[in-house]
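Nothing in this text is a laboratory measurement; each read-out follows from the coordinates by a stated rule. Just so it is clear, the model here is predicted, and its values are computed rather than measured. Here the Cβ is made from the backbone with ideal geometry for all residues, glycine too, and neighbour counts use every protein chain on show.
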Amino acid sequence: MRLARVVGLAIASPKAAELEGVRFAVVQPLGAGLEDRGRPLVAVDTVGAGEGQTVFTVAAGPGRAARGMADRPVDLAVIGIVDEALMEDR
Amino acid sequence: MIIGRVIGRAVSTRKDEKLLGTKLLLVEEVNPQGAGSGDMAVVADHLGAGPGDVVLVAQGSAARFTAQTKEQPVDALVVGIVDTIRVNGRSAFTSAGGFAPNDKGARP
């Protein structure tokens, strides 16, 4: 799983039939300093995360176990909202 | 999924027979502000996306989880044609108006 911040949402009307009713969140992956790292990605949101919230995401494969991801053409899903990330001092 | 812009189409007469009749698009990855990454992929499309469209692309084994692609040798698939993207509370993209100008400017 990876930590990310929800920065927005995407709406796509023409979409694969298997994706009817899903919410697409735009997420910015976070690095070891909780800084933005890499390009924003689009994930299926299974937990109702809001913009600005820190979340964790799961990739396809193992992520097939996630609600909203099974039997769908989805390679990334938001599966949890992080209340607090406790980091060791470095 | 990544956000991509359709920049072309690959025409292939001689190919795996399971791909007969499947449109293959050339898609450049972009960020939500519309700046291209320079990376391009050949992406299967069953939704009818065309040049200039902004699309959501599922990668890897996920590409095979549709009725049309479950038997196809594909690792990238258009799963949505984007109407709108909102980032930080503002409209970043609409299919009618394209990408919004942003403070940072387009990144190379």
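Basic side chains Lys and Arg get +1 at the Cβ, acidic Asp and Glu get -1 at the Cβ, and with that the dipole of the protein assembly as shown about its Cα centre reaches some 380 debye. Inter-chain neighbour count for A:36-43: the average number of beta-carbon atoms from partner chains within 10 Å of each residue's beta-carbon is 5. Around the amide H of residue A:23, modelled in the peptide plane, lie the amide H atoms of A:45, all under 5 Å away and 5 or more residues distant in sequence or on another chain. Find out how many positive minus negative residues lie around residue B:54, taking Lys and Arg as positive, Asp and Glu as negative, among other residues whose Cβ is under 15 Å from that of residue B:54. So the surrounding residues net to -1.
Taken over the protein assembly as shown, lysine pairs spaced eight or more positions apart, or on distinct chains, with alpha carbons under 19 Å apart number 6. Highest mean packing first, where packing is the average number of other Cβ atoms within 10 Å per residue, the peptides B:50-61, B:2-13, A:69-80 line up as A:69-80, B:50-61, B:2-13.
Given +1 at the Cβ of Lys and Arg, -1 at the Cβ of Asp and Glu and no other charges, the dipole of segment B:2-99 around its Cα centre is 100 debye to the nearest 20.
Cβ-Cβ distance of residue B:20 and residue B:67, R₀ of 22 Å, FRET efficiency by 1/(1 + (r/R0)^6): the value works out to about 0.85.
Each other residue within a Cβ distance under 10 Å of residue B:22 adds +1 if Lys or Arg and -1 if Asp or Glu, for a net charge of +1.
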